[in-house]
1. Only one of (1) in contact with a helix residue (DSSP H, G or I) (Cβ under 7 Å, 6 or more places away or on another chain); (2) not in a helix (DSSP H, G or I) is not met by residue 250, so which one is it?
2. Within the range 109-135, can you find the residues that are assigned to a strand (DSSP E or B) and touching a helix residue (DSSP H, G or I) at 6+ places or on another chain (Cβ under 7 Å)?
3. Quick test for you: out of 217, 241, pick the one residue that is in a strand (DSSP E or B), surrounded by fewer than 18 Cβ atoms within 10 Å (Cβ to Cβ) and either in contact with a strand residue (DSSP E or B) (Cβ under 8 Å, 6 or more places away or on another chain) or modelled with pLDDT of 95 or more (or both).
4. Of all residues in the range 220-238, which are under 16 Å from the mean Cα position of the chain (by Cα) and in a helix (DSSP H, G or I)?
5. Out of 155, 169, 138, which single residue is farther than 25 Å from residue 68 by Cβ, within 20 Å of the chain's Cα centre (by Cα) and in a strand (DSSP E or B)?
6. When you go through (1) out of contact with any helix residue (DSSP H, G or I) (no Cβ under 9 Å at 6 or more places or on another chain); (2) closer than 21 Å to residue 82 by Cα; (3) surrounded by fewer than 20 Cβ atoms within 10 Å (Cβ to Cβ) one by one for residue 180, which number turns out not to apply?
7. What's the total number of residues in the range 220-238 that are surrounded by 13 or more Cβ atoms within 10 Å (Cβ to Cβ) and more than 19 Å from residue 121 (Cα to Cα)?
């Protein structure tokens, strides 16, 4: 009996592994899933406590916004973008310093990553998920000054209000650079700068290919969304403003 079973297994294995095997046909049927399908009562009952707990957490009030914050209010910098970049600088820097003994010089996020405005009124956990629904994590790219210069050129040529911190950039109407300071000092092409961003941009997202020149990358295992949540918890009022960090002058 054992011998027969062994022969049967070998025969099936041989058939399965044969390079000449091909299915005669493959059939499939599309199943449409919509709101018209009635819910399963037992499943709904089972998940209800979890749904209630998630809703309670998402609706938890963290802070307050005295005015609407949108990403369309300015050409090169916006209040909501400045807030996000400043939050990354403020909460990411202590972690980076503890791990490396260094400090973050620049923060660069992306304009397209701001997925929602923040309306006047209560700021909740849900607000943070709406502004940053992605799982992007904070990383620190170690860039030479010449690569930071390439980053600045990208910011100028792209023209979007990408959230930045740690940098002061003034350009003319013809996009010439009138002022460029990193942490209040002129850019040094030979110096190593520590640029905080997230993993999507590090991989070249939004055509930020200059990050591929990073000498080293330090992941901080801290989601940008969680940074926002922690930042909102830290302040009872969120009232960022547009400032002079990236402007165009005549």
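1. Every listed condition holds for residue 250 apart from (1).
2. Within the range 109-135, 118, 123, 124 qualify.
3. None of the other options fit; the residue is 217.
4. Across the range 220-238, the qualifying residues are 224, 225, 226, 227, 228, 229, 230, 231.
5. 138
6. (1)
7. Going residue by residue through the range 220-238, those that are surrounded by 13 or more Cβ atoms within 10 Å (Cβ to Cβ) are 220, 222-235, 238.
From the residues that got through so far, the ones that are more than 19 Å from residue 121 (Cα to Cα) too are 220, 222-227.
Residues flagged as surrounded by 13 or more Cβ atoms within 10 Å (Cβ to Cβ) and more than 19 Å from residue 121 (Cα to Cα) within the range 220-238 amount to 7.
The values are calculated or read from the model by the stated rules, or taken from the named source; none is laboratory data. Worth saying up front: this structure is predicted, and the values here are computed from it rather than measured. Cβ coordinates were reconstructed from backbone atoms using ideal geometry, including for glycine residues, and neighbour counts include every protein chain displayed.
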